[in-house]
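Bear in mind these aren't lab numbers, they're just calculated from the coordinates by the rules spelled out. Keep in mind that this is a model prediction, so the values were computed, not measured. Note that we place each Cβ from the backbone using ideal geometry, even for glycine, and neighbour counts take in every protein chain shown.
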Amino acid sequence: MAKDAPVQIDIPCDIQQLDDAGHVWTVLDEARDPALVSAGAILIAVDEVDPVIARVVDLVPHGDRTIVHLEVLRATSLRTPRPCLVRTS
C-alpha cells in the first residue's frame, strides 16, 4: 500500500462538535453507506484534518434526519503506523 493512500471514510464528522454527553455527533444521511451505521459499529470517521476510529453510540431520530452519536476511540491520525484494522460485518 502506498504511504499516502487515501483512507475510505464511513461517515464525516467534526470531532469538535459534541453533544451534552460529550459524544461527537453527525447525521446519518452523510454516511457513505448508511447500512453500515448501527449502534456498536466501529467506523472510520473524519473531521476536516484527520480520520479517526469511532464507535457508534446510538442513532436518534430528529425531525426528518437521524443523529448519529459517536465515541472517538483513537484520537490520533489513521495515517500513523499501527496494526491493521479488520471490519467484521
Projected label distance in nm at D19 and S38, using a 7 Å step from Cα toward the beta-carbon: 1.9
Interchain or long-range residues, amide H under 5 Å from V46's placed H: I11, C13, V52
Separation in nanometres of the label points that stand 7 Å from Cα toward Cβ, at Q8 and D29: 2.5
Sequence-separation-based contact order of the range 11-74, relative, with Cα cut under 8 Å and 6+ spacing, percent: 33
Amide proton proximity set for D58, modelled H, under 5 Å, gap of 5+: H69
Ellipsoid semi-axes in whole angstrom, largest first, where each is sqrt(5λ) of the Cα gyration tensor of the range 11-74: 16, 13, 11
Gained length - L73 relative to L59, 0.36 nm times residue gap less alpha-carbon distance: 3.3 nm
